[in-house]
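Report on one structure; see the data block that follows.
Read-outs: derived from the displayed coordinates by stated rules, not from any lab. Quantities reported herein were computed from a predicted structural model and do not represent experimental measurements. All Cβ positions, glycine included, derive from the backbone under ideal geometry; neighbour counts span all protein chains shown.
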Amino acid sequence: MTATDDGLDRETYVVAGVVLLGAVMSILDTTVVNVAIDHLAVAFRSSLTTIQWVVTGYTLALAAVIPVTGWAADRFGTKRIYMTSLVLFTAGSVASGLAWSAGSLIVFRVLQGFGGGMIMPAVMTILTRKAGPHRMGRVMGVLGVPMLVAPILGPILGGWLVDDVSWRWIFFINLPIGIVGFILAQIVLEPDTPQPAHRFDWLGMALLSPGLAVFIYGLAESSNNGFGAVRSWGPTALGALLIVTFLIHSWRSSAPLIDIRLFLHSRAGAAAGMFLLFAIAVFGSMLLLPLYYQSARGVSALTAGLLMAPGGLGAMLTMPVAGKLTDRHGPNWMPVSGLPLVAAGMVPFVFVGAHTSYVLLCFGSFVQGLGMGMAMMPTMTAAMQAVPPSAIARTSTAMNIVRQTGASIGTAILSVILASAITSDLTGVLRGAHAPSGPGGLADLRHLPASVHAQVVGPLAHAFASTFVWALVLVAAALVPALLMALMAQTGRRAPVADAPRPDPQVALH
């Protein structure tokens, strides 16, 4: 084994540095906006449930466009797709900074999401091909930087921009980064080798992307109307039906958009199940943290971001170690070790109150970050190592769909639970304090008279604590597929497609 096999060489690091500019931008933008939600609600005189679509619409667009990225990368080349996605993302960022209403901002964020959704799969494909399968653990460790650290550092950057500059600059800041990233990609990335004969699964795309969008839309609508309203469960049921229909189509098709057979009865399926639960719990709770600090504790957006930084530090410490251990010993037992740390780090937030020690909460975030660094990217590696080499691109696309969908579902579900808990815990308090109105949203609560706000803080903190309970339950549930993945690894089970390959796809129809 050469020195190059032992670690990532300089050329690979240069390529990684270039493409990670785009990856960091696309993921950072989600959590940068999380800190600004309260400010945006006030600026546009909008409710929390409406302005939440600035986040949900972005992640929805990410999930919707990812399925087409694998085909587009083969058809046109990964370099072209990556650079095109940078242009779309940067243009959407500038338009979002110029938004004049909540509606226009949501529309521009969707445009931004279409660009951002193609970035991560393209980055993953570029780096996997550059490094080779024997260094996949280290590659996943590099890719874990934007996935785990950007959501932590985003609130710090967003808090500073919102408090000291302007909320518009959380979008404008992407313009110089996007321009630099585009120029460097043109210089550094290798020329494309497109495969024009690759057929696109139009039916699969027509089922999966709308299915994901409608499903998550229904979940988000439930925050306004409750789970029993038709406009909530109707879209959710329709989206679920479209997704199930896609799964049936994928099983029967000879060239599906995402091959479901890669995930059935294999470690890849267990990894996807664990990844989904992990994404719902962790990325959903990342919405709650800054809102708790700002609404229940009354700190600034910048301070809220700084209080979340220990989580990023913890992830940065364990990700490189997890990558090396994955290449040396395999990834399958790493999530089983990391998830208990994630759960332990969430425990202080389950019991959070109006005056819980910041030291304790920061320590909890740090422990949670340690577990995230150990659990997330080894799970991605385990999924791709469980399938034949020819299926790695399709599997990475599917895992990115799982990640983005989980983040969207987590944001929607925990927002609904939090809104319900706030209504339940605070309505009586506000009436007893003769407040002018019921809890219309977190932005309204922050602007109550001081005497009323002092009575609200305790129940408000309790509402957050009861919501964190659900995130902890989901982390605990993720241990089941994580253990299954590790146990299946001992039998050496791979996806059925490895033993029974599909017929060759037909010639493309353009």
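Remarks
- Highest-first arrangement of 394-404, 203-213, 69-79, 115-125, where packing means the average Cβ count within 10 Å: 115-125, 394-404, 69-79, 203-213
- Cα gyration tensor shape for region 52-138, rounded if a/c is under 1.5, else prolate or oblate: prolate
- Seen through its C-alpha gyration tensor, with square-root eigenvalues sorted a ≥ b ≥ c, region 306-360 comes out oblate because a/c lies at 1.5 or above while a/b is not bigger than b/c.
- Protection proxy ranking of 316-323, 233-240, 367-374, by the mean of other Cβ atoms within 10 Å over each peptide's residues and highest first, is 367-374, 316-323, 233-240.
- Listing 160, 167 from fewest to most neighbouring C-beta atoms within 10 Å gives 160, 167.
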